[in-house]
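Structure first, then comments.
Please treat every number below as a calculation from the coordinates, not as lab data. Computed from a predicted structure; not experimentally measured. With ideal geometry, Cβ positions are generated from the backbone for all residues, glycine too; neighbour counts draw on all protein chains shown.
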Amino acid sequence: MINGILFYTFATVLVFAALGVISSRNPVHSVLFLVLSFTQSSALWLLLGAEFLAIVLVLVYVGAVMVLFLFVVMMLDVNAEQMREGFTRYLPLGLAVAFVLVVEIGYVIGFKIPGSPFSSVPEGYPADYSNIKELGAVLYTEHVYAFELAAVILLVAIVAAITLTMRKRPGLKKQKISEQVSVRREDRVRLVKVEPFKE
Amino acid sequence: MADLILAAPEIFLICAICVVLLTDVFLPADKTIVTYSLALLSLVGTAAMTAYFSVGETVIGFGGSFIADSAGSVLKTFAYLMVAICFLYSRDYLERAGLLRGEFFVLGLFGLLGIMVIISGHSLLTLYLGLELLSLSLYALVAFNRDSGICAEAAMKYFVLGAIASGTLLYGISFLYGVTGTVELQALGQYFREPDALSLPLLLGLTFIIVGIAFKFGAVPFHMWLPDVYQGAPTPVTLYVGSAPKIAAFALTWRVLADGLLGLHESWADMLAVLAILSLGIGSIVAIAQSNLKRMLAYSTISHVGFILMGFIAGTEDGLRASMFYTLTYVIMAAGAFGMIILLSRRGFEAENLEDFKGLNARNPWFAFVMLMIMFSMAGVPPFVGFYAKVVVLESLLATDMFWLAGSAVFFTVIGAFYYLRVVWYMYFVDPLNEESLEAATDFRVVLSVNGLALLVLGIFPGVLLNLCARVLS
């Protein structure tokens, strides 16, 4: 009962937040709506007992990715009107795609295809079940090789990004902090004796 | 713990890379030579680890996602050798071009790590991760010269097309996983041993996987990126892209198709046959029209890829051996050919046009002879090793009664011989455009000479490498 009420509350807010993302005029509002929809879906995951994924969704997506997104939107000064030009033109296509997706999802859930995970309601885990522990146990034993490789790929991405963006262009004006700090009065100020002008 | 010993070379290399990376950060810009030496040292160390920890028998570890076998050790050793040669050839050129930065060596080593992961990958997940590791390093390397527009264009094309190919491969893997419920090659092999294991989703998945592999190999019709990348990238990077990753592409095909999906041989053999014939045809014919040597070598790569794929089509151990032999000899030839372009290049001048090789014999008879050996070997003229590589592939095709495939391979080889011989003709029978003598460091000269002579020695004694391939694959 209480689960049902919570689910429908979060789900309704989620749907409206998602609509807000694509319909609000101000790109900053869009990003904030996206943040709202992320927190709502993380609440849904909590209801499902996936507490680790729920926390990660908030930490990674809301805490890091969306804040970066917000920075980019604010810094780039995106022209919202220009980006919205094709909205009505592509609306029928979007609706058609959405319709196909809804039909497909309904087919999978509604018809209870034998063998699909939706054909029966899975039993819940006991209250003291920790999925962080379970994930960690698999991640660091069975999949440790793949896990470490993924980490190496991220390292390569960092190295590559720095290699390609950090370069010394000729004629670039740069601050030299150490020189600025260690500057003395004599380096910059020259006292000139000026003879007073007389008629 | 026992699993960690299996991956000792990989673990050593990643530690060495971190050391090289951190050392390079704290070095002043004019001391990159230290990074270079450290990178070479880590290669030597990794090779030593591979030799020391290599096991006689095949061992599968990390829950089925890693395989240590002697064929893998041989392929890895060749990969170390190719990367070391690439570094040796590159240092001089990069210094002259003002591109000598430590990241070149770091990214090169990261790429090598990806190659090693692919070579000893035994689940589709590991293979995919290795491929991404390799590709990511290659994208960054191709874009290495930031101030060159053609370089950025090549990197952009490579990146976008490569991302699509990775996606395709992953999509195919997801089909396979959906149907069989596993990504481990051993379990997949088990699955296909059962009768009527074939189904439509499986075929779809197989097709997507082959598209991904063909892209990474550069087989027609997924070859569009190759000429642009070869031409656009700085020559040392082209040398890197053209040599060691081909070993990885061979290993990927071998592990996935000829090992895990051997049960589907009938289905993928036909697809590979189409890819191989198209690659040979387009590679041999379009290369004739190229006036840029790097672009010409790109098309030559495409036709060689056709030959490598032909070895797989037979589906026999002989065919596999032929493919491995062809791959190993091809990378030696490719390294030599790009080494020659680097040798002829000077500050602000890229000797990438065919005209730049005019009259090389008058300027430097020895290196003209080295280039002659490389070109003859690529064309498949006896007694050079390229000839035997082609012969063993054709033999494996004839042994399984695929006469039309073998016939067309010979036909296109004869066409392809024209553009290799044209380079030789330019070197020996045309007057040079300038009389400048070649300037290069002694180590570079020595390694390039050895590289060229290896083609002749291996051509006279092909049995050594051939037997090695046969022994480790059986």
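Each residue in B:Glu395, B:Glu184, A:Glu123 was given a count of other beta-carbon atoms within 10 angstrom of its own, and listing them fewest first yields A:Glu123, B:Glu395, B:Glu184. From the square roots a ≥ b ≥ c of the eigenvalues of the alpha-carbon gyration tensor of the stretch A:125-167, which class results: rounded (a/c under 1.5), prolate (a/b over b/c), or oblate? Prolate, because a/c is 1.5 or more and a/b exceeds b/c.
Using the Cβ-Cβ distance between B:Asp259 and A:Leu155 with R0 set to 35 Å, the FRET efficiency from 1/(1 + (r/R0)^6) comes to roughly 0.75. Long hydrophobic helices in chain A: the complete DSSP H runs spanning 18 Å or more by Cα along their own axis with mean Kyte-Doolittle hydropathy of at least 0.0 are A:2-23, A:27-48, A:87-110, A:144-165. Could you point to the residue in B:Phe78, B:Leu99, B:Pro227 farthest towards the positive end of chain B's charge dipole, with +1 and -1 charges on the Cβ of Lys/Arg and Asp/Glu respectively? Towards the positive end, the residue furthest out is B:Leu99. The A:Ser178 and A:Ile132 beta-carbon pair, evaluated with R₀ = 51 Å, returns a calculated FRET efficiency of approximately 0.65.
Under the simplified labelling scheme, the A:Phe111-A:Tyr90 pair shows an inter-label distance of 3.1 nm, with each label point 7 Å from Cα along Cα→Cβ. On the beta carbon distance between B:Trp366 and B:Val19, with R0 = 35 Å, the FRET formula returns roughly 0.35.
I need the Debye-formula profile for the stretch B:348-459: one equal scatterer per C-alpha, no solvent, reported as log10 I(q)/I(0) at q = 0.22, 0.24 1/Å, two decimals. Result of the Debye calculation: -1.20, -1.31. Backbone phi angles across the stretch B:423-440, fed through the Karplus curve with coefficients 6.51, -1.76 and 1.60 (θ = phi - 60°), yield HN-Hα couplings of 4, 4, 4, 4, 5, 9, 10, 10, 5, x, 6, 9, 9, 4, 7, 7, 10, 7 Hz in residue order; Gly and Pro are listed as x.
Dimensions of the stretch A:10-82 along the principal axes, based on C-alpha atoms and rounded to the nearest Å, stand at 42, 24, 11, largest first. Percent of Cα pairs in the stretch B:421-474 per distance bin of 10 Å, from zero to the largest separation: 18, 26, 34, 15, 7, 0. For the stretch B:2-473, the dipole from Cβ point charges (+1 on Lys and Arg, -1 on Asp and Glu) about the Cα centre works out to 560 debye, to the nearest 20. How would you classify the protein assembly as shown from its alpha-carbon gyration tensor, with a ≥ b ≥ c the square roots of the eigenvalues: rounded for a/c under 1.5, else prolate if a/b is greater than b/c, otherwise oblate? Oblate, since a/c reaches 1.5 and b/c is not below a/b.
Each residue of the stretch B:205-215 is assigned a 3J(HN,Hα), and the resulting list reads x, 4, 4, 4, 4, 5, 4, x, 5, 4, 5 Hz, derived from the Karplus form 6.51 cos²θ - 1.76 cosθ + 1.60 (θ = phi - 60°), x at Gly and Pro.
Would you compute the Debye intensity of the stretch B:338-385 from its alpha-carbon atoms alone, equal scatterers and no solvent, and pass along log10 I(q)/I(0) at q = 0.27 Å⁻¹ to two decimals? With one equal scatterer per Cα and no solvent, log10 I(q)/I(0) is -1.07. Radius of gyration over Kirkwood radius for the stretch B:281-384, both on Cα atoms: the Rg/Rh ratio is 1.03. As a length-normalised measure over Cα pairs under 8 Å and 6 or more apart, the relative contact order of chain A settles at 13 percent.
When the Debye formula is applied to the Cα atoms of chain A, each taken as the same point scatterer, what base-10 log of I(q)/I(0) results at q = 0.10 Å⁻¹? With no solvent term, the Cα-only Debye profile gives -0.78. Note on A:Val73 and B:Arg193: their simple-model spin labels are 5.6 nm apart, each label 7 Å out from Cα toward Cβ.
Karplus-based coupling profile of the stretch B:193-199, in residue order and whole Hz: 6, 6, x, 5, 7, 6, 9, with θ = phi - 60° in 6.51 cos²θ - 1.76 cosθ + 1.60 and x standing for Gly or Pro. For the stretch B:52-192, the Stokes-Einstein estimate of translational diffusion at 4 °C and a viscosity of 1.567 mPa s comes to 76 µm²/s, using the Kirkwood hydrodynamic radius over alpha-carbon pairs. Ignoring lysines fewer than eight residues from B:Lys31 along the same chain, the ones with Cα atoms less than 21 angstrom from its Cα are A:Lys168.
Restricting the calculation to alpha carbons of chain B gives Rg and Dmax of 21.3, 69 angstrom.
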